[in-house]
Amino acid sequence: MRLLVVEDDAMIGNSLRNGLRQDGYTVDWVSDGTAAELATAATAYDAILLDLGLPGRSGLELLARWRARQNPVPVLIITARDSVADRVLGLDTGADDYLVKPFDLDELSARLRALLRRRAGRATPVIENGPLTLDPASHEVRLDGNEISLSAREFGILHALMEAPGVPLSRSQLEERLYGWQEEIGSNAVEVHIHALRRKLGSDWIRNVRGVGYMVPRQP
Amino acid sequence: MTSIRKKLLLTLIGAMSLVLLIGAWATYGAAREEANSIFDYHLEQIALAVRDQDFNGRTGALAGDERLEFVLRIWDRNGLSIYYSRPHGELPDVARLGFSTERTASGAWRIYAVQHRGQTIAVAQPMSVRARIAAAAALHTLTPFVVLLPLAALLIWIVVGRELRPLTGLATSVARRTPDALDPIAESGVPDEALPLVRALNDLLIRLHTALKTQRDFIADAAHELRTPLTALQLQAQVIERANDADSRRAAIGDLRAGLERATHLVAQLLTLARAEPGAALPAPDAVDLPRLCRQSVIDHAALADARHIDLGLADGPADLAVTGHADALRTLLDNLVANAVRYTPSGGHVDVRCGSGNTGAWLEVTDNGPGILPAERERVFDRFYRRAGQSASGSGLGLAIVQAIARQHDAHVTLDDAPGGGLRARVVFRKPG
């Protein structure tokens, strides 16, 4: 899952990036509106954390622009503006959630999970696909009730594939979700993680669609 | 006693009583005069009436009636008393002719004496009779007014009370004012005498409102601005909790330290600003040595400038220059200017601190060769918590607001313009004393 953090305060931005990485997200952080525009134009993010009090272009302006372009990306506003009028304006401009600073990192994570769950059209927190279950909150993966231990990257790939069973994702799509801007991607990094997943789950769980990518088959 | 109502009542009733007393005294005087002339006339008439009588051997005819106040006495040509209407009386023996007033042991007597065919006839009357009649006349005039005095007092009490009622209304409307509702008091219906009071009150209310609003805004701004460092601290602490290896934990603790430093700095700056705001208590001003102030500030920031590879130094200036002010406050002012210059000048730049004096007065100056501030922004950067676009928000946003507040305390003004070598020149000009 790849997130964009738009936050002008260096300390908050840095801590958010570190904290969300601990949750297994891939995080890009920009500190002004122009950089945010560039980032969203180049990358498809799974969710955006947006501060409103940005220098130059305001957060609300950015949000209105994305929504005008029919960009459906879930947006969670994080701001110090706590009045009811501000919350209403933020949500009505197109935000999916609104969190007032200072906030708890665990609450932010939970709200993010809820946003991503809804975006995938699920109401239950645990993703189930037949005997294979994945819990985005606890990072637990179980097959027939037995816990499978995965690395952060392996979990990220499986999570992306299980969000839409039966829909293949290309290698570059998976890379985009897995690696932030500054991270080096080995030429066969995705293949290495897919191989490990097949070894741990059984090769039937990750299918290769030739010329397209990988998918988790939908279970009845 | 401070009640206007009571005071007016007592003063007015007192004045009225005084006037009445004077009136009564005058009446008494006039009545006495009147009585004198009437009774003198009577004395004379009685004397003349008995003049032709023959009193030989018929003394005592008129005696015995105690109600009679007149005394009649007749002497023959040998000075022998041949008639005395009241022998027990104190009437003096020797009578002068015509009117006279004689003092005796029983009081003053008015006497009229006339001579006729060798006989001397004297008619006398005690003066106390006349005084009594005059006093009665005066009392008669006074009585209705004395009876009416309580009524007058009641009327005064009611009328004054009614006229003072707008003051009660005024008090009610002042009492209704709270720190949240300090709207001016309406001037309509206020008596002319109370209008200056109402205007002064309204003036005070407006100033109070402004002062309260400034305070409230300041607190709101401060609380709002504290959220950012607190958010960072909370996140930094949680990142430490979640760190699962020693390296990332160490890095996260470093972040938390920096976050604490920033929050501490912001609180310190808020406190400094609060102390520099108008109305803060200040010690007595003293002579402040500007060259020494500059040197100290350069020394204090030397390590920071060195770490950022900035050439911070003292430029040439007079060795002896002083202004009247508060040394600690001026040091805070200069420190903020120097810290700003060091913070915003890129690595390898230089910052100069100098002081001097010109036609307008002494000045302090900090110049750098950093990016400067656009003319359009040079007023707004003095606002509390103003953040310039494209600047990383590492400062408290209060530095220049503090500089401005301290400069105002010293009747000095701050200007920002272009330094000769590019960059920013911040100058604080003190008004010449006198």
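Each value in this text was obtained by applying a stated rule to the coordinates, not by laboratory testing. From a predicted model like this one, the values you see are computed outputs, not experimental measurements. Note that we place each Cβ from the backbone using ideal geometry, even for glycine, and neighbour counts take in every protein chain shown.
Listing for the model above:
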| quantity | calculated |
| --- | --- |
| Sorted by Cβ density within 10 Å, fewest first, the residues B:ILE74, B:ILE13 | B:ILE13, B:ILE74 |
| Average beta-carbon neighbours from other chains, 10 Å sphere, peptide B:222-231 | 5 |
| Distance (nanometres) between label positions extended 7 Å along Cα→Cβ at A:PHE103 and A:GLU183 | 2.2 nm |
| Charged-residue dipole, Cβ positions (Lys, Arg, Asp, Glu), the protein assembly as shown about Cα centre, Debye nearest 20 | 1520 debye |
| Gain upon complete extension [B:GLU69, B:LEU260; 0.36 nm per residue less C-alpha separation] | 57.2 nm |
| Descending semi-axes in Å of region A:2-119, equivalent ellipsoid built from Cα gyration tensor | 18, 16, 15 |
| Rounded FRET efficiency, nearest 0.05, which uses the C-beta distance separating B:ARG431 from A:SER149 and R0 of 56 Å | 0.15 |
| By average C-beta atoms within 10 angstrom, highest first, the peptides A:60-68, A:141-149 | A:60-68, A:141-149 |
| Amide N of region A:200-220 lying under 20 Å from the label point, which is placed 7 angstrom from the Cα of A:ASP135 along Cα→Cβ | A:201 |
| 5 angstrom amide H check on A:LEU99, placed H, neighbours 5+ away | A:ILE77, A:ILE78, A:THR79 |
| Rounded FRET efficiency, nearest 0.05, which uses the C-beta distance separating B:TRP25 from B:ALA153 and R0 of 22 Å | 0.50 |
| Virtual paramagnetic centre 7 Å along Cα→Cβ of B:SER81, amide N under 20 Å, in region B:98-112 | B:98, B:100-112 |
| In range of the label at B:MET16: residues from region B:144-184 whose backbone nitrogen is under 14 Å from the point 7 Å along Cα→Cβ | B:144-161 |
| Peptide ranges B:206-214, B:26-34, A:110-118, B:234-242 listed from the most packed, as the mean C-beta count within 10 angstrom indicates | B:234-242, A:110-118, B:26-34, B:206-214 |
| Selected from B:ALA220, B:ALA105, B:ALA305 as most flexible by GNM, with chain B as the system and alpha-carbon contacts under 10 Å | B:ALA105 |
| FRET efficiency for B:ASN359 and A:LEU89, using Cβ-Cβ distance with R0 set to 60 Å, rounded to 0.05 | 0.70 |
| B:PHE385 paired with A:ALA68, simple spin-label distance in nm, labels 7 Å along Cα-to-beta-carbon | 2.9 nm |
| Fluctuation leader among B:VAL323, B:VAL71, B:VAL366 - chain B, Gaussian network, Cα springs under 10 angstrom | B:VAL71 |
| Shielding by partners - mean other protein chain Cβ count within 10 Å, residues of A:4-13 | 5 |
| Cβ neighbours within 10 Å from other chains - mean over B:238-246 | 4 |
| Viscosity 1.002 mPa s, temperature 20 °C, Stokes-Einstein D of chain A from Kirkwood C-alpha radius, µm²/s | 118 µm²/s |
| Rounded Å value of the spacing that divides the Cα centres of region A:1-54 and region B:251-314 | 33 Å |
| Between 0 and 90°, nearest 10: helix A:59-68 axis offset from chain A longest Cα axis | 60 degrees |
| Dimensions in Å of the protein assembly as shown - Rg and Dmax from alpha carbons | 54.1, 182 |
| Within chain B, helix-based [θ] at 222 nm, where runs of 4 or more DSSP H residues each add -39,500 (n - 2.57), nearest 500 | -18500 deg cm²/dmol |
| Radius 14 Å from Cβ of B:LEU195, net charge of other residues (Lys, Arg +1; Asp, Glu -1) | -3 |
| Against the rule of thumb 2.2 N^0.38 Å, how large the Cα Rg of region B:166-229 comes out | 1.53 |
| Most fluctuating residue given options B:GLY356, B:GLY313, B:GLY23, as computed from a GNM of chain B linking Cα atoms under 10 Å | B:GLY23 |
